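For reference, the structure is listed below as structure tokens.
The values are calculated or read from the model by the stated rules, or taken from the named source; none is laboratory data. As the structure is a computational prediction, the values presented were derived from the model and not from experiment. When we count neighbours, we look across all protein chains shown, and the Cβ atoms used for this are built from the backbone with ideal geometry, even at glycine. For the accessible areas, the whole protein counts, side chains as well, though only heavy atoms, and no ligand, DNA or RNA atoms are used. Shrake-Rupley method; radii C 1.70, N 1.55, O 1.52, S 1.80 Å.
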Amino acid sequence: MTEGAGVAVSQLFRVRYAETDAMGIVHHSSYIVWLEMGRTEFMRHFGFTYRQLEEMGVVMPVLEVNIRYRRPAYYDDELSVTTWLEELSRTKIKLAYRVERPSDGTLLTEATTLHTFTGSDGRPIRITHHPEAWSRLQAMSPAPEPQT
């Protein structure tokens, strides 16, 4: 999993008190919310919102979340979540993330989320059956390596 796989989009935010425990350390569940924030802003960066995807009749439920916690974050830290597309197929999309503290360059968390595509009825679909959505998602992918 490398950030070099495609365009990475970063967003700054500040840790809120409600995201911490009694010791002022960020609760592990808060990171999942931050990944969703990163995913939403990643799509928005490409001019395509999750709301637009839903209006096309496509939903992206989470199949899997993988998080590696390296260092803690604390109340009032300014953090950055960086998101990039790791894999895209007709039935799944995998996004990768890094959460860092820019003030000292500390890597706090590395993560991935795996999603499938379903219709609004919850049934699995191939995203290629929605050509506009497919082309917009493909635009988020890195250019293929030149063949030599």
Practice task
Take the range 16-53 and flag every residue that is open to solvent by 60 Å² or more (accessible area, probe 1.4 Å), under 11 Å from the mean Cα position of the chain (by Cα) and free of Cβ contacts under 8 Å to residues at least 12 places away in the same chain.
Solution key: Glu36
Problem - Test for Arg136: is it surrounded by 17 or more Cβ atoms within 10 Å (Cβ to Cβ), over 27 Å from His28 (Cα atoms) and not hydrophobic (A, V, I, L, M, F, W, C) - result: yes
Practice task
Considering only the range 105-122, state which residues are farther than 21 Å from His28 by Cα and either loosely packed, with under 15 Cβ neighbours inside 10 Å or hydrophobic (A, V, I, L, M, F, W, C) (or both).
Solution key: Phe117, Gly119, Ser120, Asp121, Gly122
Handout entry: So Leu107, is it out of contact with any Cys (no Cβ under 9 Å at 6 or more places or on another chain), closer than 21 Å to Pro124 by Cα and among the aliphatic types (A, V, I, L, M)
Key = no
Problem - Unmet requirement for Phe13, which otherwise passes all of (1) touching a residue at least 40 places away in the same chain (Cβ under 8 Å); (2) out of contact with any Phe, Trp or Tyr (no Cβ under 8 Å at 6 or more places or on another chain); (3) not basic (Lys, Arg) - result: (2)
Handout entry: Matching residues, the range 74-90, being out of contact with any Ser or Thr (no Cβ under 8 Å at 6 or more places or on another chain), more than 18 Å from His45 (Cα to Cα) and open to solvent by 50 Å² or more (accessible area, probe 1.4 Å)
Key = Asp76
